[in-house]
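To start, the structure itself, in structure tokens.
Just so it is clear, none of the values below were taken in a lab; they were calculated from the coordinates. In this text, all values refer to a predicted model and were calculated from it rather than measured experimentally. Note that we place each Cβ from the backbone using ideal geometry, even for glycine, and neighbour counts take in every protein chain shown.
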Amino acid sequence: MSLGGLQVSTNYGRTATFASIHIRLNADIELIPISPSNTITGFVAFEMRFIKQIQAAAEQAHAILACFERVGIQSQCCGEQPNIPDILDCESHQTPEDQLQYDEKFSHSTHSIGSDDYQTYASLKNVQKIQASTGVQGQSRSRSRISGMKLEYHNHPSPGIVGQWMHHLDDGFELSQDEDVQSLTIWLLPIGFSSQSPGMEIGQVAAVKIETTLSCSVTFRAPDFQSISPQVLQHRQYQTDSDEKLTAISWILNLSSERVQAVITTNGSRRNPLILVPEEVPPFDQVRKLYFEIELLGCRLSPQTTSLWKSS
């Protein structure tokens with residue numbers, strides 16, 4: 001049996017899982033026991049290095065990677081145990097199980113050879129402040145890309161991070177307690193194609209725009225965003241409407257690309273699903289798009305599209 005990942009839980013009701021989506025859904029979890037009177041003070045690990053083939057842009061490349069072969073913990077007896085804070089609402093740091101299953105089903109949209117997909121997830125409820133990070137030269141994301149975001153909350157002392165937090169971009173964007181995220185727009189810069197879905201482009205985040213219910217907005221841009229031609233960028237937008245709200249953000253990433261989407265929750269007032277019927281106009285042999293939705297426990301996740309050739 002090999003080590004596939006690591007899960008850490010804290011006295012603040014938070015759990016961090018360092019493992020790919022596939023492993024999180026399929027692996028057995030083994031708890032490392034410690035004495036009830038002890039407090040964890042550190043980790044110990046045996047490291048193993050290996051060479052792995054990766055997809056870098058449109059070319060094959062090799063990288064020297066490292067992983068833990070075995071992991072253990074250090075603990076010691078303390079005179080007084082750490083206090084468990086009185087936090088009643090930990091929703092901002094909980095990932096629904098069905099969200100993980102959904103993200104695995106559409107992993108083909110980010111798949112690259114030799115690289116597993118990892119999920120990061122954060123609630124968009126009760127957000128107090130949002131900050132962005134750029135990459136770091138020599139790492140998996142360069143300084144000219146948005147590598148991740150940090151979200152602070154009114155109802156929890158700990159922030160949530162989606163993507164990878166590498167280099168702080170600016171002072172961030174603050175929201176009041178009666179203000180919600182109303183719109184999320186993502187710009188992706190294509191870097192190649194999915195190895196599982198020929199013709200489907202994969203990319204990295206170049207910019208993120210957030211709008212709120214109080215008509216405030218912020219756009220986090222990579223340093224060279226203005227020099228990128230709009231024609232080459234992929235554009236995705238998620239919007240609140242009269243009976244739907246943006247409630248979370250899911251940022252799926254691997255060694256070379258990522259997919260960012262909002263989780264949209266209905267408020268229960270919609271009686272029938274909205275159906276859009278395209279108008280029949282010539283030319284009739286052009287590519288048509290079909291839109292599909294998946295509903296899981298009241299959450300409508302992002303629509304997926306496919307294309308069909310339609311002829312007269």
For H167, residues with placed amide H under 5 Å, excluding near neighbours: T134
Kirkwood Rh, angstrom, the range 91-272 [1 / mean 1/r, Cα pairs]: 16.8
Virtual spin-label span in nm between F46 and C77, 7 Å along Cα→Cβ: 3.0
Ranked packing of 163-172, 33-42, 66-75, 143-152, most packed first, by mean Cβ within 10 Å: 143-152, 163-172, 66-75, 33-42
Cα point-scatterer Debye curve for the range 148-211, base-10 log of I(q)/I(0) at q = 0.22, 0.27 Å⁻¹: -1.08, -1.33
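Taking 0.36 nm per residue of sequence separation and subtracting the Cα-Cα distance, how much length would be gained by fully extending the chain between E30 and D171, in nm to one decimal?
Numbers: separation 141, 0.36 × 141 = 50.76 nm, distance 4.04 nm.
My answer for the length gained is 46.7 nm.
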Under 5 Å, built H, 5+ apart or other chain: amide partners of Q7: F18
Table column - 3J(HN,Hα) (Hz), the range 41-46, Karplus curve with 6.51, -1.76, 1.60, x for Gly and Pro: 10, x, 10, 10, 8, 9
Over the range 128-235, volume per residue of the alpha carbon convex hull, in Å³: 127
